[in-house]
Amino acid sequence: MASTPAPLTAHAAALQRLGDLKGRLELSARRWQQVQQLVPATMRALVKPGACDDFDWCIVVAHAAAAAKLRHIVPDLEQALEQREGRKVSVRLRVSANG
């Protein structure tokens, strides 16, 4: 039985990783759609969805002052996600390096 050529195997692995990344990006966008109404309207422009996996989600915030205010609603965001997804999701805030 002939083995799969190395370049083909590497290509298949890269496609798998790309598919996984696309899935995580879609999950992050879905989570943002689910909870954005909990974020004060005046702050929504300062927030964007970031990296995630099944149990963790990072929200990118434009600056430290906005992150400090958003920390107060993180428990509400986590509760809303748990209700929608049926599992505990830990939300982290990260201040953007680009400010």
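The values are calculated or read from the model by the stated rules, or taken from the named source; none is laboratory data. Every value quoted in this text rests on a predicted model; they were computed, and no experiment measured them. Ideal geometry is used to build each Cβ from the backbone, glycine not excepted, and the neighbour counts take in all protein chains shown. Accessible surface areas use protein heavy atoms only, side chains included; no ligands, DNA or RNA. Shrake-Rupley method; radii C 1.70, N 1.55, O 1.52, S 1.80 Å.
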Would you work out the relative contact order for the chain, in percent, from Cα pairs under 8 angstrom that are 6 or more residues apart?
25
In whole Hz and in residue order, list the ³J(HN,Hα) couplings for the stretch 35-48 that follow from phi through the Karplus curve 6.51 cos²θ - 1.76 cosθ + 1.60, θ = phi - 60°; x for Gly and Pro.
10, 4, 5, 7, 8, x, 3, 5, 9, 4, 5, 8, 10, 9
Of Leu70, Leu46, Leu8, which has the most accessible area and how do the rest follow, probe 1.4 Å?
Leu8, Leu46, Leu70
Under the rule of at least 5 residues apart or a separate chain, name every residue whose amide H is placed under 5 Å from the amide H of Ser96.
Val61, Ala62, His63
Could you work out how much longer the chain between Arg44 and Asn98 gets when fully extended? Use 0.36 nm per residue separation minus the Cα distance between them, nm to one decimal.
17.8 nm
Evaluate the distance, in nm, between pseudo-label points positioned 7 Å from the Cα of Ala65 and of Lys88 along their respective Cα→Cβ axes.
3.5
What does the accessible area per residue of the chain come to in Å², with a 1.4 Å probe and no ligands, DNA or RNA counted?
66
In vacuo Debye sum over C-alpha of the chain, base-10 log of normalised intensity I(q)/I(0) at q = 0.13, 0.21, 0.24 Å⁻¹, listed in q order, is -0.52, -1.03, -1.25
In degrees, nearest ten, helix 74-85 long axis to first principal axis of the chain (Cα)
50
Through the Karplus equation 6.51 cos²θ - 1.76 cosθ + 1.60, θ set to phi - 60°, convert the phi angles of the stretch 53-64 into ³J(HN,Hα) values in whole Hz; use x for Gly and Pro.
9, 4, 10, 9, 8, 10, 10, 8, 10, 4, 8, 4
